[in-house]
1. Might you report the magnitude of the Cβ-based charge dipole of the stretch A:21-110 about its Cα centre, with Lys and Arg at +1 and Asp and Glu at -1, to the nearest 20 debye?
2. What does the extension gain come out to for A:Glu272 and A:Thr118, with contour length at 0.36 nm per residue minus their alpha carbon separation?
3. log10 I(q)/I(0), Debye, Cα-only the stretch B:3-148, no solvent, q = 0.18 Å⁻¹?
4. Would you calculate, for chain A, the mean residue ellipticity at 222 nm contributed by helices, counting each DSSP H stretch of 4 or more residues as -39,500 (n - 2.57) and dividing by all residues, to the nearest 500?
5. Give the percent of DSSP beta bridges with both residues in chain B that are antiparallel, rounded to the nearest 5.
6. With the Cα gyration tensor of the stretch B:78-230 giving a ≥ b ≥ c as the square roots of its eigenvalues, does the rule (a/c under 1.5 for rounded; else a/b larger than b/c for prolate; else oblate) give rounded, prolate or oblate?
7. Only loop residues by DSSP count here, and only those with at most 15 other Cβ atoms within 10 Å; note down the trypsin sites (Lys or Arg not before Pro) in the stretch B:146-230 that meet that.
8. For a test of the definition: using alpha carbon positions, the gyration tensor, and the 1.5 limit on a/c, classify the stretch A:25-65 as rounded, prolate or oblate.
Amino acid sequence: MDTKRHELNIQLAQMLKGGVIMDVTNVEQAKIAEEAGAVAVMALERVPADIRKDGGVARMSDPAMIADIKKAVSIPVMAKARIGHFVEAQILEALKIDYIDESEVLTPADEECHIDKTKFKIPFVCGARNLGEALRRIAEGAAMIRTKGEAGTGNVVEAVRHMRTMNREIRQLVEMPTEEVTGFAKTNGLPYELALKVKELGRLPVVNFAAGGIATPADAALMMQLGCDGIFVGSGVFKSSDPALRAKAIVKATAYFNDPKKVLEASMGLGEAMPGLEIAQIPPDQLLAGRGW
Amino acid sequence: MVKFKNMSLHLVKDTSAAIGVLDLQGGVYEHLDHLERLGITGSRVKEESDFADLSGLIIPGGESTCLARLLDNFGLKEVIKNRYQSGMKIWGTCAGAILLAKKVVNDEPCLGLIDIEIERNSFGSQLDSFTAEAIMPKVAAEPIPLTFIRAPKILRVGKNIEILLQMDDYIAAAENENILVTVFHPELTGCLALHRYFAQKCGINSTGSVSGSVDSRWQSHSWTRLARIV
């Protein structure tokens with residue numbers, strides 16, 4: 001891996017801190033997102049709520065559609081590749097977008113291996129439900145981590161679970177004597193060197209965003225107060241009744257997450273949020289967070 | 001709650017010698033880390049009252065459109081302009097430089113406080129982000145490491161603006177008496193020279209133990225110590 005390039009890639013994510021990254025499916029939505037103050041857009045053909053509804057195999061989006069969005073905005077453009085589908089990632093790198101999301105929202109292409117991200121110049125963000133999963137992705141070369149909340153549900157409960165789990169495991173690591181780290185790393189599937197790094201830093205060594213189920217300004221502020229560095233909003237913006245207004249409100253609430261008065265202002269009169277899904281009502285084989293490991 | 005709204009790095013009450021870092025979005029911790037290395041009181045600013053006694057303000061890198069919307073929405077544009085009129089110095093890095101420019105290619109200016117023309121994201125995609133090194137004689141004798149991330153280019157400066165660093169076909173750093181702009185990110189390297197230089201502009205002497213340009217103890221993850229979960 002080119003370490004200087006990798007450092008630059010981690011640093012781009014650092015510049016996104018405190019910001020909101022929004023899913024968009026066309027040029028018009030991309031412009032609305034940029035105008036509302038998104039720090040980046042995720043270009044994809046269908047938002048997760050529609051992917052969930054439509055079923056079937058979800059793949060990388062048409063590069064022509066991603067290229068159109070890239071032309072339309074000046075903020076960073078991200079796009080999704082299937083877990084383990086390194087050729088989709090090669091295509092997205094050749095397209096010169098800014099960041100690849102190796103995403104469980106798409107149907108996995110490989111149930112054993114994630115992409116060897118060290119072979120790429122382009123940065124990757126990957127989902128994680130706990131510290132072990134986050135550190136395995138970082139060991140594979142991910143430059144940014146996000147929670148793996150249940151996408152397309154408008155239900156933040158899984159993202160909260162992932163963040164609380166990660167924080168709990170980090171706390172345990174920080175407090176344990178060094179000789180216990182080996183066993184903890186073995187039990188929880190943590191790469192040992194990275195476990196020691198987390199113990200030293202008291203957090204992940206890269207930026208960690210919230211993703212999955214965030215639908216309101218309050219959801220965004222909740223994830224920020226739990227210690228996330230920024231927010232991904234998938235279906236939450238463009239499946240709501242007034243996307244431009246809601247997008248702006250989530251940007252405001254993310255910047256002022258610790259200020260209840262400002263989050264209150266941001267929450268007023270936004271119209272209907274996206275319809276939500278109770279996690280328990282989703283058949284287990286249709287849960288996305290369990291994809292990848 | 002794991003983050004605090006107004007973390008002050010030093011418990012010094014003399015805020016008139018403080019430099020604020022605009023804390024809306026972007027590389028806030030990275031600048032605070034550098035200020036602390038120089039023994040300078042740094043504070044996170046995002047409410048009108050936070051700006052009251054600052055000698056200087058750093059507008060960090062981030063996304064300029066996002067920062068501009070937030071400044072607009074919360075009335076901070078006027079606050080910054082007023083404080084500037086009464087003597088507060090300002091340094092914009094990357095997105096911060098865009099916000100300070102009088103002219104932005106294909107976009108409206110935001111604060112419009114320095115007569116430069118700047119083009120956003122002027123190099124291409126993240127694959128075109130790069131590092132370099134250059135000497136800025138007015139800032140330090142040693143070469144300065146430069147980190148460009150989806151950087152803008154300063155295309156032109158007005159009269160009374162001094163160019164501090166000219167690269168191939170663009171200007172990478174410039175200043176007048178009250179404002180400093182850099183399109184690169186000194187806060188993403190171990191280089192303290194620009195922070196020291198800006199502090200002097202603000203009438204603040206640094207007291208840290210690092211004498212040269214680069215703090216060899218700095219690491220790329222040094223910012224994380226200000227953003228611990230535990």
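1. Dipole magnitude for the stretch A:21-110 comes out near 80 debye.
2. Fully extending the segment from A:Glu272 to A:Thr118 adds 51.2 nm.
3. Debye intensities relative to I(0), on a log10 scale: -1.17.
4. Calculated mean residue ellipticity at 222 nm is -13000 deg cm²/dmol.
5. In chain B, approximately 55 percent of DSSP beta bridges are antiparallel ones.
6. Details: a/c = 1.43, a/b = 1.22, b/c = 1.17.
Note, shape of the stretch B:78-230 comes out rounded.
7. Sparse-neighbourhood loop trypsin sites (Lys or Arg not before Pro): B:Lys159, B:Arg217, B:Arg228.
8. prolate
Bear in mind that the values in this text are calculations on the coordinates, not laboratory data. Remember, it's a predicted structure, so these values are computed and weren't measured experimentally. Cβ: placed from backbone, ideal geometry, glycine included. Neighbour counts: every protein chain shown.
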